[in-house]
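Down below is the structure, laid out as structure tokens.
The values are calculated or read from the model by the stated rules, or taken from the named source; none is laboratory data. In this text the structure is predicted, and so the values were computed from the model without any measurement. Here the Cβ is made from the backbone with ideal geometry for all residues, glycine too, and neighbour counts use every protein chain on show.
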């Protein structure tokens, strides 16, 4: 059977084309739907099941819809019958070009499916019967052209041969020309005799070269005419003409010329299209009957029809009329009238910002309907970076990544694929692409400041907002979502907070920063966990860490220095009298009873001059600054009494000379008040007894002998009898001269050591973190305060009118090193200068004690 022979040539699979990676298959036309064309997945080298996993699919466009790809088996199947004549007409070979996509990774394969011809079309004549008029005067050998049959097949299936039914008057002439055209004619072999046989009926049979051969027939009805025995003759049997597509209507294509040797009406010629001309030709061209001019009346389009065959007949006006025949072959010349076309076959977006160079983003198809140079297309992408085009096959391009991406710099690219053909002038086309970039976690959170300085008042409420920290992460979604936490830091004892690296302070007195403050994980709000006490903590230094939600998470740190501001939350506290001891000697019974009730006791001699100090009220305030600056006021008695109190020194002295009219005892109510807002105060009661000079001297001697170790800080309440004016004055002057010389010498030595330390090479910056402590007030009421590091040296004797203040310089912390790691953060000086400075400090301290002793003896300040 026919199908048996057809199936023997089914599914001819070609090898890979090494240059382009192309698979070729062959299938005969008219194959049944479902016919397996080829095992594409196997031919592409895919394992079983890999075709479905990697989504092997066929890109169908236009005529390719008649072929489908089985997703499970990876086989290429026919989804409908293929008709080669409908697909390719007379073109040979007839091939369908398919595009196959394979994902993960994205690859493009090109499959060429050749549809082979089978002999399924028999030769067909245009008409079933053709009438011919032949003059009886026609001589034997005359040739009369016949219209041949057409066969829609190609190759051997379309090679026709003709046979004529037996006749003694006519034979068949069939000639094949080199240009592919064929000439079929009827040859007169014997002179005709109209009177014997007026009409001849012959059967013309056309057979193709298929196996088995198919045939078609046409009946020839030949009428024998008399008279006009010369037919017109063209000067060319074939006219070859070229015309540009898109030529204007009415363009003259060719002028035909034919001659007839007859005379009169038999030689008058008219030109007309042959009866075999197609309707398309009649609609496209016109012919002038008298001039033989063929003109254009339709639009030539090379992409639709590239050539025309126009059969023309020249007929005389004889009776019967005779005609000559020729063919006009019109070749349409292509012009660049079609712009390139760009299609996006596949687009893989978004593109990760960490995608490697060479990643395929899209697959594009580019074509131009023109031919030759007009159809050669050049493609590129604009802007040129970071993407580029790579040609993968004829008319196919891949859009690939050529540079690294950064979503934080550009989050989306607007690309334009541009195509230009090689015509003159060139035509262009473009296709826009939008390529978004997906984010990866490649940016750590960053604080606006490396160090944040925060001020907070003590006694703030728990949960009070201290500051708001913010870290920026340019990533998006979870990669840019930041959470905050207190990371490091703490405080030791009652001083300033330690730096996070001070691991040596993790002893019993060390408290982590997280016990004082907390930070909201989402908003970065820093708030206090408990009320802060300036007397316990002055500076708290810790780190806040910002971590994003990426994978893996990235983090950034910022240092927070929290300074606690002092509030006036401590009232002044009275100190016991200096030098009081059980061995203080005999005191009056009244004094002993008053001391037992919390009243301070002092005595003075009758006749003491105005301005003599009889006692000193001592008090301290745990606050700092103005909150700890104390002032003393005498509340009772309100009237003018014999005593007064120093506003800032607390010294109780005589306001005038004492006499017997003042009475033996005086009770004074003294209020100690700080300078805070609001001010806080404490009250002291002082009982002053007036004694005779001898009793006062004995009390003073007993007090001096019992408190000799604390003579520099004893109270001035025990005042002895007046010394001899001349001896006391001479002794005092000697000591004053010695003190002045010593102070001057020490001052000069300090200047020399300071100059030496300035010019000596320094190993490190002079800085020493230490706890912030109380700084004592001076008599004049001015305060000096070091923001971070200070220490005070206050002599225990309350009689001093001015206090010695020593400050540590407020330099930045030293760089980390071995000394810092061991917990030693003291100033670094040259060995000699450091030793001398320490000696100088000790001498200065001893001298201050000595000066206070001189002051007690003489009653004046020694500084």
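Number of residues in region 222-242 that are surrounded by fewer than 17 Cβ atoms within 10 Å (Cβ to Cβ), farther than 19 Å from residue 314 by Cα and modelled with pLDDT of 90 or more equals 2.
Among the residues of region 94-113, is there at least one that is out of contact with any strand residue (DSSP E or B) (no Cβ under 9 Å at 6 or more places or on another chain) and closer than 23 Å to residue 305 by Cα? No, that holds for no residue.
Scanning region 186-207 for residues that are farther than 22 Å from residue 174 by Cβ and without any contact (Cβ under 8 Å) to a residue 24 or more places away in the chain returns 195, 196.
Condition check ((1) outside any loop (DSSP other than H, G, I, E, B); (2) modelled with pLDDT under 95; (3) more than 43 Å from the chain's Cα centre (by Cα); (4) assigned by TED's automatic domain parsing to the domain that holds residue 628) across all residues:
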position: 535; (1), (2), (3), (4): no, yes, yes, no
position: 547; (1), (2), (3), (4): yes, no, no, no
position: 550; (1), (2), (3), (4): no, yes, no, no
position: 577; (1), (2), (3), (4): no, yes, yes, yes
position: 594; (1), (2), (3), (4): yes, yes, yes, yes
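The set of residues in region 200-214 that are surrounded by 15 or more Cβ atoms within 10 Å (Cβ to Cβ) and assigned to a strand (DSSP E or B) comprises 200, 202, 204, 205, 206, 207. Is one or more of the residues making up region 270-282 within 23 Å of residue 89 (Cα to Cα) and assigned to a strand (DSSP E or B)? There is no residue in region 270-282 that is within 23 Å of residue 89 (Cα to Cα) and assigned to a strand (DSSP E or B). For region 77-103, a residue qualifies if it is at pLDDT 80 or above, surrounded by 19 or more Cβ atoms within 10 Å (Cβ to Cβ) and more than 25 Å from residue 344 (Cα to Cα), and exactly one does: 94. Scanning region 168-199 for residues that are buried (at least 17 other Cβ atoms within 10 Å of the Cβ) and more than 27 Å from residue 329 (Cα to Cα) returns 169, 170, 188, 192. Residue 119 meets the conditions (1) free of Cβ contacts under 8 Å to residues at least 60 places away in the same chain; (2) buried (at least 19 other Cβ atoms within 10 Å of the Cβ); (3) within 30 Å of residue 95 (Cα to Cα) in every case but one. The failed one is (1). Within region 15-26, the set of residues being within 16 Å of residue 100 (Cβ to Cβ), part of a strand (DSSP E or B) and either at pLDDT below 80 or out of contact with any helix residue (DSSP H, G or I) (no Cβ under 9 Å at 6 or more places or on another chain) (or both) comprises 22, 24.
Residues in region 335-347 that are out of contact with any helix residue (DSSP H, G or I) (no Cβ under 6 Å at 6 or more places or on another chain) and either crowded, with 16+ Cβ neighbours inside 10 Å or modelled with pLDDT of 95 or more (or both): 335, 337, 338, 339, 340, 342, 345, 346. Of all the listed residues (401, 364), the sole one being farther than 30 Å from residue 554 by Cα and either crowded, with 18+ Cβ neighbours inside 10 Å or modelled with pLDDT of 95 or more (or both) is 364. Test residue 291 against the stated conditions and say whether it is in the same structural domain as residue 249 (by TED's automatic domain parsing) and either out of contact with any strand residue (DSSP E or B) (no Cβ under 9 Å at 6 or more places or on another chain) or within 30 Å of residue 428 (Cα to Cα) (or both). No.
With respect to residue 657, determine if the residue is more than 28 Å from residue 621 (Cβ to Cβ), modelled with pLDDT of 70 or more and not assigned by TED's automatic domain parsing to the domain that holds residue 608. Against the criterion (more than 28 Å from residue 621 (Cβ to Cβ), modelled with pLDDT of 70 or more and not assigned by TED's automatic domain parsing to the domain that holds residue 608), residue 657 does not qualify.
Looking across region 417-455, the residues that are touching a helix residue (DSSP H, G or I) at 6+ places or on another chain (Cβ under 9 Å), surrounded by 18 or more Cβ atoms within 10 Å (Cβ to Cβ) and more than 20 Å from residue 361 (Cβ to Cβ) come down to 421, 423, 427, 441, 443, 445.
Yes/no matrix, rows are residues, columns are (1) on the phi > 0 side of the Ramachandran plot; (2) buried (at least 16 other Cβ atoms within 10 Å of the Cβ); (3) not assigned by TED's automatic domain parsing to the domain that holds residue 143:
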| position | (1), (2), (3) |
| --- | --- |
| 285 | no, yes, no |
| 307 | no, no, no |
| 319 | no, no, no |
| 351 | no, yes, yes |
| 354 | no, no, yes |
| 370 | no, yes, yes |
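If you go through region 128-135 one residue at a time, do you hit one that is modelled with pLDDT of 90 or more, in a loop (DSSP other than H, G, I, E, B) and in contact with a strand residue (DSSP E or B) (Cβ under 7 Å, 6 or more places away or on another chain)? Yes, region 128-135 contains at least one residue that is modelled with pLDDT of 90 or more, in a loop (DSSP other than H, G, I, E, B) and in contact with a strand residue (DSSP E or B) (Cβ under 7 Å, 6 or more places away or on another chain).
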